[in-house]
Amino acid sequence: MRYISTRGHSDRKRFCEILLEGLAPDGGLYLPEHYPQVEEARLTAWRSLSYADLAFEILSLYIDDIPAADLRAICRKTYTEEVFGTKEIVPLRPLESPSTGSGQTVLYLEALSNGPTLAFKDMAMQLLGNLFEYELTRRGEEINILGATSGDTGSAAEYAMRGKKGVRVFMTSPNGRMSPFQQAQMFSLQDTNIHNLAVEGVFDDCQDIVKAVSNDLEFKRQYKIGTVNSINWARLMAQVVYYFSGYFQATRSNAEKVSFTVPSGNFGNVCAGHVARSMGLPIDKLVVATNENDVLDEFFRTGVYRVRGSADTFETSSPSMDISKASNFERFVFDLLGRDGNKIKALFHDQLASQGSFDLSHDPAFKSAAQRYGFVSGKSSHADRLAMIKDTYERFGTMIDTHTADGVKVAREHLQPGVPMIVLETALPIKFAETIEEALGKTPERPARFEGIEALPKRVKIVPADVTVIKRYIAENVH
Ligand SMILES: *Cc1c(COP(=O)(O)O)cnc(C)c1O
């Protein structure tokens, strides 16, 4: 398997070459040159596999530069009951059966949030940690991961990279702006390869610092700066696995179809669904659910992709979906427009930079997108979120988090008879306790291992929003 850039660069790279890289040299995103097709017999054989072995089978189709025995060992080390809480790793929970008594479940939750940080980003990040360690050891190299986080991504990265050989993490976050629970999750890590930098500023300041460091090519090379952001192909590939697992759990035969609803921000999660569907998994609809930041819903309704400025980006109660542009969206548009790198360059490099938007409403490819790729969409508001949390708790005794609530709201608008709908549960309610209390008047349960974490000693350095200070800190801490 070789990997190509969405913007048409002539490079053809292998998996381990792109694993530690960010964007392609032309600013595009890497994608496999084709999607391997999984035929009927193979689907049937995969039904009975453990999650780790299913992951191995799927990853093997995309990775041919890690020996099979090593790759299998990496998958088995990653997806364990000990780390993810259940033997199924991503168990389905029925939420609703029709009153007709036909017995068929119409709505499921797929639990992706029982990993170390209680959000779905662990599903991919835990694998990435083990792949990084493997490849860096093989090369005898090191990497210093620099990131900016307002919550889920940073903690998932830290829990994936803690104690890993050859990897250090420098994670900036806006000082005092994450929830006490999220701060405690990150700052209580005592591993010497994890560095928490609480920046006196807002999230944008953190992102600007990361950008400034990454643009200093000399510094970047000298200190081997890398990232683990959501455009990394390995993260997306890891997420393909749970679409297969969810499908197998909800069906008995490959003649059945299911739909998925995905609470979406940067389009990484649902893009993995698109890849799974393109590989031949019998998915009917992929439902993109957004919050008030509805860049993606607008596109799927109208064909217009219009990125927002920071002033037009709302702070919502499903904050991990608060995006101004969807960084993985270019991958889908590449497929939508027949994998034409020149067209993608014209849209994403030229037109977005000059006009901040592009319009595909008259393009026949967009008009047939829902048919060909199964995409539909919807949006949810704070009031919808509260109503869904309350309704789901009162009728089914199940507490859901704010992001999952956006998913349930939009899923209900797209139910179709005879097609089970699987909503991806992207976080546990304890991470967003304030809104749960607003909806239910009670505090969500917290898993026993997080009891009292707010009181643990914290390992964090408060720093000014100043690039030179951050660079100096990195330089002093890499040897
Ligand atoms: C990151 C995240 C999302 C959005 O996922 P994308 O891959 O960016 O679309 C949704 N919910 C939660 C809880 C998240 O952490």
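Out of Ala255, Phe15, Ser381, whose Cα points farthest toward the positive end of the dipole of the chain (charges: +1 Lys, Arg; -1 Asp, Glu; placed on Cβ)?
Looking along the dipole axis, the top candidate is Phe15.
Please list Glu454, Glu39 from largest to smallest accessible area, probe radius 1.4 Å, with all protein chains kept in place.
Order by accessible area, largest first: Glu39, Glu454.
Take Glu133, Glu110, Glu40, Glu82 and sort them by solvent-accessible surface of the protein heavy atoms, 1.4 Å probe, largest at the top.
Glu82, Glu40, Glu133, Glu110
Could you give the length gained by full extension between Arg2 and Arg93, i.e. 0.36 nm per residue of separation minus their alpha carbon distance, to one decimal place?
29.0 nm
Roughly what would the spin-label model give for Arg47 and Asn215, points 7 Å off Cα along C-beta, in nm?
About 5.5 nm separates the two model spin labels.
For the range 215-254, just list the percent of Cα-Cα distances falling in each 5 Å bin from zero outward, please.
Going from the shortest bin to the longest, the percentages are 5, 18, 14, 13, 13, 9, 7, 6, 6, 5, 3, 0.
How far, in nm, would the chain grow between Glu40 and Ser354 when pulled straight, counting 0.36 nm per residue and subtracting the alpha carbon separation?
That pair, Glu40 and Ser354, stretches by 108.4 nm at full extension.
How big is the accessible area of Glu330 in square angstrom, nearest 10, if you roll a 1.4 angstrom probe over the protein chains?
Ignoring ligands and nucleic acids, Glu330 comes out at about 10 Å².
Measuring from label point to label point, each 7 Å out along Cα→Cβ, what is the Arg395 to Glu200 span in nm?
5.1
Based on the Cα coordinates of the range 221-342, what is the per residue volume of their convex hull in Å³?
157
Which trypsin sites (Lys or Arg not before Pro) in the range 141-248 pass both tests, a DSSP loop state and at most 15 other beta-carbon atoms within 10 Å?
Loop-located and lightly packed - Lys165.
Report the gain in length on full extension from Ile453 to Thr80: 0.36 nm times residue separation, minus Cα-Cα distance, nm rounded to one decimal.
Extra length from Ile453 to Thr80 when fully extended: 131.9 nm.
What is the magnitude of the charge dipole of the chain about its Cα centre, with +1 placed on the Cβ of each Lys and Arg, -1 on the Cβ of each Asp and Glu, and no other charges, expressed in debye to the nearest 20?
Taking the Cα centre of the chain as origin, the dipole is about 760 debye.
Heavy atoms only, probe 1.4 Å: what % of the accessible area of the range 129-254 goes to carbon and sulfur, would you let me know?
44
Out of residues 5 or more away from Ser377 or on other chains, whose amide H comes under 5 Å of its own, with H placed 1.01 Å from N in the peptide plane?
Residues meeting the criterion, in which the H sits 1.01 Å from N, are Val288.
Please list the non-local residues whose amide H lies under 5 Å from the amide H of Val304, H modeled 1.01 Å from N, same-chain partners needing a gap of 5 or more.
So Val304 has HN proximity to Leu360.
Given the DSSP H assignment, sum -39500 (n - 2.57) over each helix run of at least 4 residues in the chain and divide by its residue total; what's the result at 222 nm in deg cm²/dmol, nearest 500?
Taken over the chain, the calculation gives -12000 deg cm²/dmol.
Leaving out ligands and nucleic acids, and using a 1.4 Å probe, what accessible area per residue does the range 279-346 come to in Å²?
Value returned for the range 279-346: 34 Å² of accessible area per residue.
What is the distance, in nm, between label points placed 7 Å from the Cα along the Cα-to-Cβ direction at Arg139 and at Thr468?
The two pseudo-label positions are separated by 3.2 nm.
Determine which residues of the range 445-466 fall in the zone a paramagnetic label at Ser324 would reach in this model, i.e. backbone nitrogen under 19 Å from the point 7 Å along Cα→Cβ.
465-466
What list of ³J(HN,Hα) couplings, whole Hz, do you get for the range 362-367 from phi and the Karplus terms 6.51, -1.76, 1.60, once you set θ to phi - 60° and write x for glycine and proline?
9, 7, x, 4, 5, 4
List the residues, sorted by chain then number, that are 5 or more residues from Leu107 or on another chain and whose placed amide H is less than 5 Å from its amide H.
Here the answer is Leu95, Glu96, Met421, since their amide H atoms fall under 5 Å of that of Leu107.
The values are calculated or read from the model by the stated rules, or taken from the named source; none is laboratory data. Everything quoted here is computed from the prediction, not taken from an experiment. Note that we place each Cβ from the backbone using ideal geometry, even for glycine, and neighbour counts take in every protein chain shown. SASA here: full protein model, heavy atoms, side chains in, ligands and nucleic acids out. Shrake-Rupley method; radii C 1.70, N 1.55, O 1.52, S 1.80 Å.
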